[in-house]
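Where a number appears in this text, it was derived from the coordinates with a stated rule and is not lab data. Worth saying up front: this structure is predicted, and the values here are computed from it rather than measured. All Cβ positions, even for glycine, are placed from backbone atoms using ideal geometry, and neighbour counts span all protein chains on display.
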Amino acid sequence: MRRMPMHALQVMSRHVRSTRRMFHRLAWVAGVALCSSATVHAASLDASVLPKIQSATFEVVAAKPVNDPLTYEKPLPLELLPFQERTDKYYSIGTAFAIGNNRFVTAAHVLQIGSKSLWGEPALRDASGHVYAIGKIEKFSLQQDFVVFSLAEQPATATALEVNLKPALNEVVFAVGNALGTGVVIRDGLYTSDTPEDQDGRWKWMRFSAAASPGNSGGPLLDKDGKLIGIVLMKSANENLNFALPISAVLNAPDHQATMDTRVAYQLDIFDTIENGTFKTQFALPLTFAAFYAEYNKRFDSFSDTQLKALLAKDPSSLFPNGAGSARLLSEQTRLDNFPTIIARGSNGEWGRTGSASQHFTLDANGYIDIGEVARNGLMHLRRPDSLDAAKFYGDAVTRMDLVLKTGLFQREVAGEKIKITSLGTPTLESVHTDRWQRPWQVDAWPLPYMNGWIVMYSLPVPDGTVAFTRLVSISQQYDTRLDMDEISNYIYATYEGTLAQWKDYLRMRTLLPDAFKSIHVDFDIGKRFSYTSKRVAFSYTSDVQSITPDNLLWLGFRFLKDGDQPIWDVGDVNIWKTTASDDHDNVNIQRFAVPPQGLDNDISSHWQKLSARAYPYNAVARYENDLMKIDAVIAPANAASQPPAVLYTAFYGVAGTQPQADMKRKLDLLTKDMQIREH
């Protein structure tokens with residue numbers, strides 16, 4: 001994800017990179033003290049110019065949402081907010097100024113906050129508190145970060161600033177703007193130097209030492225006489241040198257045209273390859289604000305599609321299921337852990353599984369939520385409470401999210417106090433995304449009006465609940481977020497676990513099942529018989545082997561494996577435990593092994609040799625280990641006698657305590673009696 005930097009939002013993509021990555025944009029944001037009245041002070045400026053500056057300079061504001069769809073654990077302490085913040089009906093997000101008859105200028109990134117915004121379209125507010133709606137966008141430059149626009153109603157007192165097109169270096173300058181959202185102020189410094197823009201040196205930024213804070217974006221930079229010389233845009237990260245675009249660049253830009261010519265980088269969480277591209281396009285103006293951003297977003301979203309495709313096509317031989325480490329992932333056995341992991345490429349260039357549960361939250365009726373240790377991945381496993389109807393759980397996004405919110409994962413800070421959000425209300429987006437492996441992810445998104453943000457959750461239904469990952473982003477990043485999460489879903493490693501009672505509920509909901517279940521059939525008759533059939537293996541057993549109850553825990557170990565030359569996602573491991581108790585080791589297991597490719601570690605190769613030779617412990621002889629009796633046998637495809645098998649299966653039976661050898665062998669024989677290996 002890499003939409004252009006919008007530091008004003010304080011909800012930034014981790015992946016945003018551009019040629020301006022060392023700079024901080026200066027738009028302001030909700031959640032700080034705001035002030036609607038403009039105050040002007042600067043001892044060095046002639047007092048006669050101050051009224052002109054005041055009438056020419058405006059706050060850029062956005063209306064606060066009237067309704068809040070969120071529910072909190074207790075009333076928000078809004079009475080503790082500063083007076084201006086709690087009484088102002090608008091968020092103050094930047095600065096604008098007049099340059100002519102109904103012609104105004106601000107930073108492009110300030111108005112970009114209004115794209116798809118939950119706050120509505122930005123507007124201008126004068127020193128008396130009157131608010132003016134934007135009329136039409138007249139000029140726009142993404143690369144130079146400015147926009148020229150008109151207002152639907154021109155302020156009667158607005159006066160254009162006088163212009164100086166040839167300012168002198170090392171002279172006093174004044175930055176005018178809505179610093180920190182506290183109203184328009186003037187601060188002095190020096191015009192120190194010019195510096196080429198990073199991408200191609202197409203123009204020079206003005207560097208100045210006058211203080212510039214969040215909220216200054218889009219404000220005028222004035223010379224010692226109060227004449228306009230530039231537009232304040234950003235500041236250096238680690239020094240008091242701020243940046244402005246010369247006003248000549250704004251005045252000389254083509255009329256009635258929007259231009260985009262900016263280098264943008266694309267990167268995903270799962271590997272460190274970067275796709276550098278240039279977002280370069282233009283279209284005709286004037287357009288209304290809504291029409292402008294509809295056109296802009298259409299083009300940028302198309303560019304995002306192109307970048308992602310280019311990134312994935314850059315070196316396909318290095319991407320999972322190809323690339324270093326992939327062969328091991330496709331050959332190793334399923335991990336006995338129902339917490340999801342992400343397949344990612346590490347700093348050593350090899351693919352591997354990352355992530356494990358670090359926080360456990362208990363819910364009522366045997367429900368729980370495990371949340372991953374890597375917060376930015378947002379991985380979690382939600383076990384459905386037994387008291388909650390399966391159809392309600394799988395069919396209602398509000399129900400699922402309300403359970404997640406019991407963890408305190410999302411909180412709203414007001415007056416220094418963090419208040420737990422207990423419900424997000426109804427999602428504004430509900431859809432289904434089918435990933436590369438034909439797994440259906442339930443996609444739900446909720447607005448966060450107070451921060452102009454968006455919570456997106458991708459949920460993969462599994463028998464005992466759901467596997468999910470989330471993102472918290474700015475509202476303008478809707479498309480980028482979906483694009484990234486769609487791709488990342490292809491790299492999620494998840495197993496399918498549940499009691500037989502949970503499996504019964506899950507299997508009847510056909511739309512929740514991955515395509516792999518078209519060839520997988522799980523059937524059981526409580527107290528009598530259990531059977532599993534797929535295109536790979538079929539087996540069954542009766543209660544003579546292990547009791548069959550609704551509390552049996554069935555675990556299908558899905559994993560990525562090779563089917564011939566094609567990578568697929570299918571079951572490599574079937575476990576059925578007698579109960580869900582953590583100390584219960586009575587279980588039946590059928591496991592798939594494939595001949596390992598050359599070049600893998602000796603542990604995998606030697607293990608295959610041991611299987612092929614039916615060597616201990618795969619010799620169908622019971623053994624006693626760690627207070628358990630265990631017995632394994634190797635089952636080969638029917639044609640194994642005529643050609644070396646590409647796959648072998650093991651059948652396992654285990655029970656706590658000591659058991660006679662004959663009893664263990666009898667149960668293993670019952671388990672394998674009708675077992676069929678259907679692949680070769």
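Semi-axes of the stretch 266-375's equivalent ellipsoid from the Cα gyration tensor, sqrt of 5 times each eigenvalue, largest first, rounded to whole Å? Could the numbers behind the result be given before it?
Working: eigenvalues 289, 118, 19 Å².
Largest first, the stretch 266-375 gives 38, 24, 10 Å.
Would you mind checking the tilt of helix 478-488 against the longest principal axis of the Cα atoms of the chain, expressed as 0 to 90 degrees and rounded to 10?
Approximately 30 degrees, to the nearest ten.
Using R₀ = 30 Å, calculate the FRET efficiency as 1/(1 + (r/R₀)^6) where r is the Cβ-Cβ separation of Asp544 and Gln333; round to 0.05.
So, using R0 = 30 Å, E works out to roughly 0.60.
Among Leu222, Leu363, Leu648, which comes first, then next, by fewest other beta-carbon atoms within 10 Å?
Starting with the residue having the fewest Cβ neighbours, the order is Leu363, Leu648, Leu222.
Between Glu373 and Lys610, 0.36 nm times their residue separation minus their Cα-Cα distance comes to what?
81.7 nm
Relative contact order for the stretch 519-680: what is it in percent, counting Cα pairs under 8 Å that are at least 6 residues apart?
22 percent
Students often get this wrong: which residues of the stretch 232-269 have the backbone nitrogen under 19 Å from the point 7 angstrom along Cα-to-C-beta of Leu165?
Inside the label zone: 245-256.
Using helices alone, I'd like the mean residue ellipticity at 222 nm for the chain: each DSSP H run of four-plus residues gives -39500 (n - 2.57), total over residue count, nearest 500. Please list the in-between numbers first.
Details: 12 runs with 111 residues, N = 680.
The helix contribution divided over the chain gives -4500 deg cm²/dmol.
Would you report the distance distribution of C-alpha pairs in the stretch 519-680 as whole percents per 10 angstrom bin, up to the bin with the largest distance?
10, 38, 37, 14, 1
To the nearest 20 Debye, how big is the dipole of the chain about its Cα centre, given +1 on the beta carbon of each Lys and Arg and -1 on that of each Asp and Glu? Present the calculation step by step, with values, prior to reporting the outcome.
Numbers: 69 positive and 74 negative charges, 143 e Å.
Magnitude of the dipole: close to 680 debye.
For Arg508 and Phe283 in the same chain, what is the full-extension length gain: residue separation times 0.36 nm, less their Cα-Cα distance, in nm?
Length difference between fully extended and current span is 75.8 nm.
Considering the options Ser423, Tyr394, Val404, tell which one lies farthest towards the positive end of the dipole of the stretch 335-494, charges being +1 on Lys and Arg and -1 on Asp and Glu at the Cβ, about the Cα centre.
Farthest towards the positive pole: Val404.
Calculate how steeply helix 602-612 sits against the longest principal axis of the alpha-carbon atoms of the chain, using the helix alpha-carbon long axis, and give the answer as 0 to 90 degrees to the nearest 10.
Between the helix axis and the principal axis of the chain, the angle is about 30 degrees.
Roughly how many Å is it from the Cα centre of the stretch 352-368 to that of the stretch 655-672, as a whole number?
Between the Cα centres of the stretch 352-368 and the stretch 655-672 lies a distance of 35 Å.
Report Rg (one decimal) and Dmax (nearest whole number) for the stretch 52-102, counting Cα atoms only, units Å.
When restricted to the Cα atoms of the stretch 52-102, Rg and Dmax are 16.1, 51 Å.
Could you work out the relative contact order of the chain, using alpha carbon pairs under 8 angstrom and six or more residues apart, expressed as a whole percent?
10 percent
Starting from the stretch 160-204, pick out the trypsin sites (Lys or Arg not before Pro) whose DSSP state is loop and whose Cβ has at most 16 other Cβ atoms within 10 Å. Numbers along the way, then the final one.
Working: sites: Arg187, Arg202, Lys204; in loops: Arg202.
Filter output for the stretch 160-204: Arg202.
Among residues other than Ala357 whose Cβ falls under 9 Å from its Cβ, what is the net charge (Lys/Arg +1, Asp/Glu -1)?
Surrounding charge for Ala357 is -3.
Along each of its three principal axes, how wide is the spread of alpha-carbon positions in the chain, in whole angstrom units, largest first?
Rounded to whole Å, the extents work out to 106, 52, 40 Å.
Which lysines does Lys418 reach when only Cα atoms under 17 Å apart count, and residues fewer than 8 places away in its own chain are ignored?
The qualifying lysines are Lys74, Lys406.
Any idea what the dipole of the stretch 299-436 comes to, in debye rounded to 20, about its Cα centre with Lys/Arg Cβ at +1 and Asp/Glu Cβ at -1? If you can, show how the numbers build up before the last one.
Working: 17 positive and 17 negative charges, 57 e Å.
Dipole size: approximately 280 debye.
Quick one: if you stick a label point 7 Å off each Cα along the C-beta vector at Glu430 and Glu679, how many nm between them?
Computed distance between label sites Glu430 and Glu679 equals 3.7 nm.
Can you pull a Stokes-Einstein diffusion coefficient for the stretch 324-465 at 4 °C (1.567 mPa s), Rh from Kirkwood over Cα pairs, as a whole number of µm²/s? Provide the component values of the computation, followed by the final result.
Values: Rh = 17.0 Å.
After rounding, the answer is 76 µm²/s.
What is the Cα centroid distance between the stretch 557-634 and the stretch 83-120, reported in whole angstrom?
The stretch 557-634 and the stretch 83-120 have Cα centres separated by 62 Å.
Would you work out if the stretch 388-509 is rounded, prolate or oblate? Take a ≥ b ≥ c from the square roots of the eigenvalues of the alpha-carbon gyration tensor; rounded if a/c is under 1.5, else prolate when a/b is larger than b/c, oblate otherwise.
Verdict is oblate for the stretch 388-509.
Could you calculate the contour length gain from Ala646 to Arg666, that is, 0.36 nm times the residue separation minus the distance between their Cα atoms, to one decimal place in nm?
Stretched out fully, the Ala646 to Arg666 stretch lengthens by 4.4 nm.
Could you tell me which of the pairs Lys52/Lys139; Lys518/Lys630; Lys166/Lys204 are separated by over 22 angstrom between their Cα atoms in the structure shown?
From Lys52/Lys139; Lys518/Lys630; Lys166/Lys204, over 22 Å: Lys52/Lys139; Lys518/Lys630.
Any idea what the dipole of the stretch 392-496 comes to, in debye rounded to 20, about its Cα centre with Lys/Arg Cβ at +1 and Asp/Glu Cβ at -1?
In debye, rounded to 20, the stretch 392-496 gives about 220.
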